[in-house]
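The values are calculated or read from the model by the stated rules, or taken from the named source; none is laboratory data. A quick note: this is a predicted structure, and the numbers were derived from the prediction, not measured. Backbone-built Cβ (ideal geometry, glycine too); neighbour counts: all protein chains shown. Ligands, DNA and RNA are excluded from the accessible area calculation, which covers all protein heavy atoms including side chains. Shrake-Rupley method; radii C 1.70, N 1.55, O 1.52, S 1.80 Å.
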Amino acid sequence: MAKPVILTVDDDAEVLNAVERDLRRQYRQDYRVVKAASGDEALETVRQLHARHEPVALFLVDERMPRMSGTQFLARARDVYPSARKVLLTAYADTEAAIAGINTVGLDHYLMKPWDPPEERLYPVLSELLADWSASYVPPFAGIRVAGTAWSPSSHTVRDFLSRHQVPYQWVDVDADASLRALAEAASPGLRRLPVVFFPDGTTMVEPSTRALGERIGLTTAAAKPFYDIVIIGGGPSGLAAAVYGASEGLRTLLVEGDVPGGQAGTSSSIENYLGFPAGIGGADLARRAAAQARRFGAELLTPAGVTAIRHAPPYHVVTLDTGAEITCYALLIASGMHVRRLDVPGIDAFTGAGVYYGAALSEAAACRDRDVLVVGGANSAGQATMLFARYARRVTMIVRGDSLAASMSQYLVSRIADTPNVEVRTRTRVTGAAGTGHLESVTVEADGKPPERLAAEHMFIFIGTAPRTEAVAGVVELDEQGYVVTGPDLLRDGRRPRGWTLPRDPFLLETSVPGVFAAGDVRHGSTKRVASAVGEGSAAIGMVHRYLQTV
């Protein structure tokens, strides 16, 4: 942590230099002494110190300065550093102003000029005040701060991105923190664009895109090479497993993930039925460990980086990124996973990110404390989210279209939900509308055979099924009616190989209709939608890639 600051202000250069000299001589071991020659200069210094998270322990300020008196400066500086000790340097004629300052700005002390000898007339007073400050001082958060409003969709996007990447940050609501609001307004006049992200070095970003934010926090968004043995599209469990095995077996491996490694599994608060973790493991933790393991073996991970198209240029494959860059490879693995389906009801789109969230949105869990929460959906992801939010919320209501949870949810979760007193499950019920002013305030639901009912709710989390992410590969590889990638024996029709197949062999088990392009995990037709099976398919795909590379 940076040394706390003692800021001294005086328009008389000779006096200012003398004060600085005496302060440094006594306090330089524990404090950093900063000087300013006017109230305006001092206020700018205060703003910069606050932006860099540097603490100020004491202000030592001359009362009689042009344009802004010492008392006037302290009144404004107090808003930024309310706990800093405040001392005026006064001439004999200024004592009344100093005494008045005790009432107006909470002045801690005033000292007469000259203060010689400092050992008798300066240090005893300041040392006592600094000791008082130090005893009550709580160091500020020294990492990234995100300043926004609770119902700002872009603020939610930034918070969710940082949370899922497990980057520590402090959330500050500008409506509740006057000092940070002033800093945010300096970066975003009128607060028309939020959030403002403050970094420890004093720099800021206003309403950043996830790509720009990812680059700023050190993520890799551009490939280091133009050519790889294998490019993996998607950073869910199957893609991460493939990256680990591919890199560990000597393949030049690149994984491209458009959002955050972990996929749908990465948003899960706890995966309790994954082999080897009897107490369960958070999806984000599992993804972090897998990503670190892949990097340790030499795999490159681009995130966030989207894929817009692929094309086959025998014997190579070319991947086009959303930046326009192209990457060439021998083999390609489609492990792009799924995305959550949108709820199509009147009025709901206006509240996306402002009370309506798709997926678990773990960054919003603390905001649900003592509030009513709705969870829409009845599969495992909805059950895991329900158990997470039940720890914070006053009440969690599950809205389920089916007859029961048992049809689509693991029994261990069904039992947990039944044993949780602040969870209510409403079956054969659907959401038909949403309303609010600026953010979600209520939801209309309809149960079979009953009239519509309005439920008060400021937070609704939606898990109503998923669809495969295959937009970038549609028209290149064969898909089924639902958009899943068809592989292996499922490509054969009456013993005939797929159209355009040029090799004198049948497609491998996980190979698509294009030689050298493979698919694994939830995006593949016929896959088992479980983390363990996705990991297994990603691992197995590397063995088939090796067999394919022997023929290239």
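Annotation: extensible slack from residue 509 through residue 474 equals 10.6 nm (criterion: 0.36 nm per residue apart, minus Cα-Cα distance).
Under a Cβ-Cβ cut-off of 11 Å, what is the net charge of the residues other than residue 200 that fall near it, where Lys and Arg count +1 and Asp and Glu count -1? The answer is 0.
The residues 320, 253, 502, sorted by heavy-atom accessible surface at 1.4 Å with ligands and nucleic acids left out, run 502, 320, 253 from largest to smallest.
Take region 470-527 with all the other protein chains still there, run a 1.4 Å probe, and you get 48 Å² of accessible area per residue. Between the amide H of residue 339 and those of 467, 469, distances stay under 5 Å, these residues lying 5 or more places away or on another chain, with hydrogens modeled in the peptide plane. Relative contact order, whole percent, for region 386-466 stands at 23, derived from Cα pairs under 8 Å and 6 or more residues apart.
Placing a pseudo-label 7 Å from each Cα along the Cα-to-Cβ vector at residue 456 and residue 323 gives an inter-label distance of 4.9 nm.
Measuring with a 1.4 angstrom probe and ignoring ligands and nucleic acids, residue 542 comes out at about 0 Å² accessible.
Hey, how many Å between the Cα centroid of region 250-270 and the Cα centroid of region 400-429? Measuring centre to centre over Cα atoms gives 29 Å. Taking DSSP loops as anything outside H, G, I, E and B, show the longest stretch in the chain free of GluC sites (Glu not before Pro) there with at most 15 other beta carbons within 10 Å. Looking at the chain, 1-248 is the longest stretch - no exposed GluC sites (Glu not before Pro) with at most 15 other Cβ atoms within 10 Å. Put a dot 7 Å past the Cα of residue 216, heading toward its Cβ, do the same for residue 529, and the two dots end up 3.6 nm apart.
Among the protein heavy atoms, those of residue 245 account for about 100 Å² of accessible surface (1.4 Å probe, every chain in place). Using the 1.4 Å probe convention, the accessible area of region 1-135 works out to 49 Å² per residue with neighbouring protein chains retained.
Ordered by solvent-accessible area of protein heavy atoms (1.4 Å probe), largest first, the residues 426, 67, 159, 530 come out as 67, 530, 426, 159. By accessible area, using a 1.4 Å probe on protein heavy atoms only, the chain has 50% of its surface on carbon and sulfur. Taking every Cα-Cα distance in region 189-272 and sorting them into 10 Å bins from zero, the calculated P(r) comes out as 15, 33, 29, 19, 4, 0 percent. If you work out P(r) over Cα pairs in 20 Å bins from 0, in percent from the coordinates, which of (1) 19, 38, 27, 13, 2, 0; (2) 17, 42, 25, 10, 4, 1, 0; (3) 20, 49, 25, 5, 0 do you get? Read-out from the structure maps to (1). Only lysine pairs 8 or more places apart or on separate chains count here, and in the chain those with Cα atoms under 27 Å apart total 5. Would you mind estimating how fast region 410-515 diffuses translationally, via Stokes-Einstein at 10 °C and 1.306 mPa s with the Kirkwood radius over Cα pairs, in µm²/s? For these conditions, the coefficient is 85 µm²/s. Across the protein chains, with a 1.4 Å probe defining accessible surface, the residues 80, 56 rank 80, 56 from largest area downward.
Under a 1.4 Å probe, what is the accessible area of region 255-345 per residue, stated in Å²?
On the way: 3930 Å² over 91 residues.
In whole numbers, region 255-345 has 43 Å² accessible per residue.
Summarising the amide proton neighbourhood of residue 262: residues at separation of 5 or more, or on other chains, whose placed amide H is nearer than 5 Å comprise 235, 236.
Only helical runs count toward this figure. For the chain, summing -39,500 (n - 2.57) over DSSP H runs of n ≥ 4 and dividing by all residues gives -9000 deg cm²/dmol at 222 nm. If R0 is 25 Å, the Cβ-Cβ spacing of residue 224 and residue 551 corresponds to a FRET efficiency of close to 0.35. By the Kirkwood approach, averaging reciprocal distances over each pair of separate Cα atoms, region 19-149 gets a hydrodynamic radius of 15.5 Å.
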